[in-house]
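**Student:** Handing you a structure now.
Every number in this text was worked out from the coordinates using simple rules, so none of it is lab data. Since we're looking at a predicted model, the values are computed, not measured. Note that we place each Cβ from the backbone using ideal geometry, even for glycine, and neighbour counts take in every protein chain shown.
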Amino acid sequence: MTDKPSMQDRLVAAAFGAGWTVVPRLPERLTGRAFRAVADVLWRRRGKSVLRLEANLARVKGATPGDPVIRALSREGMRSYFRYFHEVFRLPSMPTEEIVSRMHVTGVQLVHDTLAAGRGVVLALPHMGNWDMAGAWFARTGHPFTTVAERLRPESLFHRYTAFREGLGMEVLPLTGGDGQIFGVLAQRLRAGLPVALPAERDLTARGIEVRFFGAATRMPAGPALLAVHTGAALIPAILWFQGRDWGLEFHEEIAVPAEGTRKEKVAAVMQDLATVFEKGIAEHPEDWHMLQRLWLEDLEPRR
């Protein structure tokens, strides 16, 4: 039995529904300015999410949250975050030709060659730029893929978001509340030589792998490394960012699984290598890293 959605949950669901209905029908320049204005208002109010974003960005930059540089960076971060939502609402009606022409991609040949050889690919990415836009580009250029989504509240919003992503060409598995066979389904797809894409820098299970990330300890989900170790699929990190009006996407070299060591040791080594690639990408585009939640272990509240 699911909890009855709160008034706030219902308002959020209604806002998303209105966004997908109304935003594509209005001039893009007008709606873009409106989303940017909302981002600026929330930034000036300095609520919990903005303060958390500034604390996270301070770790990235090796500064203090009160530093004027961090304050300015958080404003760009909020604008980037709301640009993501603005584009999400417009994405279902965006022509494939526009998505392809405005997506500036490097390193994709490695992905193509690996898939052409019949080997599955695990694409691991941080929450940066517009990952749904990148997913639409990947699917519409010939590579539909499977991903896992956090179960949003209320349930109606989760189903709406799932339908949105399925409409872009993704197979979406719920992180929780499904049949409990997520790992098995992902492994099956990879053994069939298909791609899987997973957000990979924030652990939502409390069973993640501890890594060093910007000089401090955090946990990242073990799934990408476990799948690579278990199936032999190639683990390829992807970094995303906004590039002017367009989008940037870089595929990095495959992260090799160590030949020696226990399964646990191999997974830990792979996840640390992945964290290092994420560090580099986030440091190059910190304003496009949408991390408004607690991430590092010393920042997390004790679990009850």
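**Student:** From the helices alone, meaning DSSP H stretches of at least four residues, give me the mean residue ellipticity at 222 nm for the chain, per-run term -39500 (n - 2.57), in deg cm²/dmol to the nearest 500.
**Tutor:** It comes out at -16000 deg cm²/dmol, rounded to the nearest 500.
**Student:** Something else now. Just to check I understand the Karplus step: with θ = phi - 60° and J = 6.51 cos²θ - 1.76 cosθ + 1.60, what whole-Hz values come out for segment 146-152, glycine and proline as x?
**Tutor:** 10, 9, 10, 10, 4, 7, 7
**Student:** Please give the peptides 54-67, 27-40, 276-289 ranked by average Cβ packing (other Cβ atoms within 10 Å per residue), highest first, as a rough proxy for protection.
**Tutor:** Answer by packing, highest mean first, reads 276-289, 54-67, 27-40.
**Student:** Need the C-alpha centroid separation for segment 179-241 versus segment 50-125, integer Å.
**Tutor:** About 18 Å separates the Cα centre of segment 179-241 from the one of segment 50-125.
**Student:** Okay, moving on. Rg and Dmax of segment 7-299 over Cα atoms: what are they, in angstrom?
**Tutor:** Cα-based Rg and Dmax for segment 7-299 come out at 18.7, 57 Å.
**Student:** Fully extended, how many nm does the chain gain between Leu300 and Lys4 (0.36 nm per residue separation, minus their Cα-Cα distance)?
**Tutor:** Working it through step by step, the gained length comes to 103.8 nm.
**Student:** Please build a GNM for the chain, connecting alpha carbons under 10 Å apart, and tell me which residue among Thr146, Thr231, Thr21 fluctuates the most.
**Tutor:** Highest fluctuation among the options: Thr21.
**Student:** Would you mind telling me the antiparallel percentage of the DSSP bridges in the chain, rounded to 5?
**Tutor:** The answer is about 40 percent antiparallel.
**Student:** Let me ask something else. Would you please put 167-173, 106-112 in order of how densely packed they are, using the mean number of other Cβ atoms within 10 angstrom per residue and starting with the highest?
**Tutor:** Ranking the peptides 167-173, 106-112 by packing returns 167-173, 106-112.
**Student:** Same structure again: In whole Hz, with x marking every Gly and Pro, tabulate ³J(HN,Hα) for segment 269-278 from phi via Karplus 6.51 cos²θ - 1.76 cosθ + 1.60, θ = phi - 60°.
**Tutor:** Taking θ as phi minus 60°, the curve returns 5, 5, 5, 5, 5, 5, 4, 5, 5, 4 Hz for segment 269-278.
**Student:** Sort 194-202, 96-104, 134-142 by packing, meaning the average of other beta carbons within 10 Å per residue, with the highest value first.
**Tutor:** 194-202, 134-142, 96-104
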